[in-house]
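What follows is a single structure, written as structure tokens, with notes after it.
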Amino acid sequence: MTGEIFQTSTIGAMIQGAYDGDVTVGELLEHGDFGLGTFNRLDGEMLVLDGVCHHLRADGSARPAAEQERTPFAVVTQFAPGASVPVAPGSDRDSLIASIDDAVPSANLVYALKITGTFGEIRTRTVREQSTPYPPLAEAVREQTETVMHDVHGTLAGFRTPGFERDISVAGYHLHFLTDDGAHGGHALGFRLDEGTVEVGAHSELHLRLPRTKQFLDANLTPADMAAQIRQAEGG
């Protein structure tokens with residue numbers, strides 16, 4: 001097993017529109033060199049690779065994030081892969097996920113995933129910065145911007161999380177993408193990996209930090225339709 005997963009806030013809080021957090025990027029990087037999340041006001045997507053936090057913007061562009069930027073939701077760890085998964089040329093999202101599912105020893109651990117290679121096609125989305133009063137996440141993502149890239153080199157990174165964490169984190173696969181030049185990226189919706197490598201690290205410890213913001217403290221984190229809201233917000 002590798003080191004712990006550090007997470008700030010919960011996906012349930014995000015679903016309810018708690019988009020202002022109290023953890024800075026600088027603080028987040030003290031807990032890990034790899035991971036993903038978003039920024040305050042839901043201003044785009046986050047991807048942490050090799051200790052650098054990237055801010056993926058609504059226009060599909062990307063830039064390094066400033067240390068003082070804050071996050072309402074993020075998950076990071078120290079990336080230390082313990083295994084690799086063979087990749088068939090031309091694998092799409094479903095077939096790649098099936099290969100990883102077959103390779104991991106248990107569905108009850110968290111796995112950090114780093115998929116690097118040449119993507120014949122990749123479709124990403126990036127949410128737009130929101131204004132108060134914040135709408136629920138399922139409503140905010142209706143204004144998301146989608147980008148399709150062809151024949152690009154880059155990295156998909158994120159986590160495979162057990163279903164029993166559904167109200168805490170994004171259950172199943174949650175992956176963000178960044179091109180090799182660091183100029184473009186977003187939340188991955190679908191892709192075709194022409195050739196590449198898949199590295200996997202298993203984790204069994206979770207450090208969950210809950211915000212003390214008024215938004216979080218006042219949020220209803222147990223709505224009856226939470227699972228349906230998460231599926232809608234995360235694109236299925």
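Among the residues of region 57-65, is there at least one that is crowded, with 23+ Cβ neighbours inside 10 Å and among the hydroxyl-bearing types (Ser, Thr, Tyr)?
Taking every residue of region 57-65 in turn, none turns out to be crowded, with 23+ Cβ neighbours inside 10 Å and among the hydroxyl-bearing types (Ser, Thr, Tyr).
Suppose we keep only residues that are modelled with pLDDT under 95 and acidic (Asp, Glu) within region 142-164. Which one would you say is nearest to Val104 (Cα to Cα)?
Residue satisfying both the conditions and the ranking: Glu146.
Given the conditions (1) outside any loop (DSSP other than H, G, I, E, B); (2) in contact with a Cys (Cβ under 9 Å, 6 or more places away or on another chain), report the number of the one that Glu67 does not fulfil.
Only one criterion is unmet by Glu67, namely (1).
Select from region 24-48 the residues that are buried (at least 21 other Cβ atoms within 10 Å of the Cβ) and among the aliphatic types (A, V, I, L, M) and write down the one among them that is nearest to the chain's Cα centre (by Cα).
Leu36
Going through region 176-225 one residue at a time, which ones are surrounded by 13 or more Cβ atoms within 10 Å (Cβ to Cβ), within 22 Å of Thr24 (Cβ to Cβ) and among the basic types (Lys, Arg)?
Arg209
Can we say Gly82 is at pLDDT below 95 and over 26 Å from Gln215 (Cα atoms)?
Yes.
So, Gly185, is that one more than 29 Å from Pro105 (Cα to Cα), among the small types (Gly, Ala, Ser) and assigned to a strand (DSSP E or B) or not?
Judged against the criteria, Gly185 is a match.
Just to be sure before I move on: is Ala138 out of contact with any Pro (no Cβ under 7 Å at 6 or more places or on another chain), in a loop (DSSP other than H, G, I, E, B) and surrounded by fewer than 19 Cβ atoms within 10 Å (Cβ to Cβ) in the structure I sent?
Against the criterion (out of contact with any Pro (no Cβ under 7 Å at 6 or more places or on another chain), in a loop (DSSP other than H, G, I, E, B) and surrounded by fewer than 19 Cβ atoms within 10 Å (Cβ to Cβ)), Ala138 does not qualify.
Within region 41-52, is even one residue touching a strand residue (DSSP E or B) at 6+ places or on another chain (Cβ under 7 Å), part of a loop (DSSP other than H, G, I, E, B) and more than 30 Å from Glu139 (Cβ to Cβ)?
Within region 41-52, not a single residue is touching a strand residue (DSSP E or B) at 6+ places or on another chain (Cβ under 7 Å), part of a loop (DSSP other than H, G, I, E, B) and more than 30 Å from Glu139 (Cβ to Cβ).
For residues in region 60-117 being basic (Lys, Arg) and under 28 Å from His150 (Cα atoms), which is nearest to the chain's Cα centre (by Cα)?
Lys114
Quick grid of which residues meet (1) in contact with a Ser or Thr (Cβ under 8 Å, 6 or more places away or on another chain); (2) of a type in the set (Asp, Glu); (3) modelled with pLDDT under 95:
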site	(1), (2), (3)
Asp180	yes, yes, no
Ala183	yes, no, no
Arg192	yes, no, no
Glu205	no, yes, no
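Looking at region 47-102 only, could you name the residues that are more than 22 Å from Gly3 (Cα to Cα) and among the polar types (S, T, N, Q)?
Ser61, Gln68, Ser91, Ser95, Ser99
Might you let me know whether region 21-36 holds any residue that is under 24 Å from Ile115 (Cβ atoms), modelled with pLDDT of 95 or more and among the small types (Gly, Ala, Ser)?
So far as region 21-36 goes, yes, one or more of its residues are under 24 Å from Ile115 (Cβ atoms), modelled with pLDDT of 95 or more and among the small types (Gly, Ala, Ser).
The values are calculated or read from the model by the stated rules, or taken from the named source; none is laboratory data. On a predicted model such as this, the values are computed, not experimentally measured, just so you know. So basically every Cβ, Gly included, is an ideal-geometry build from the backbone, and we count neighbours across all protein chains shown.
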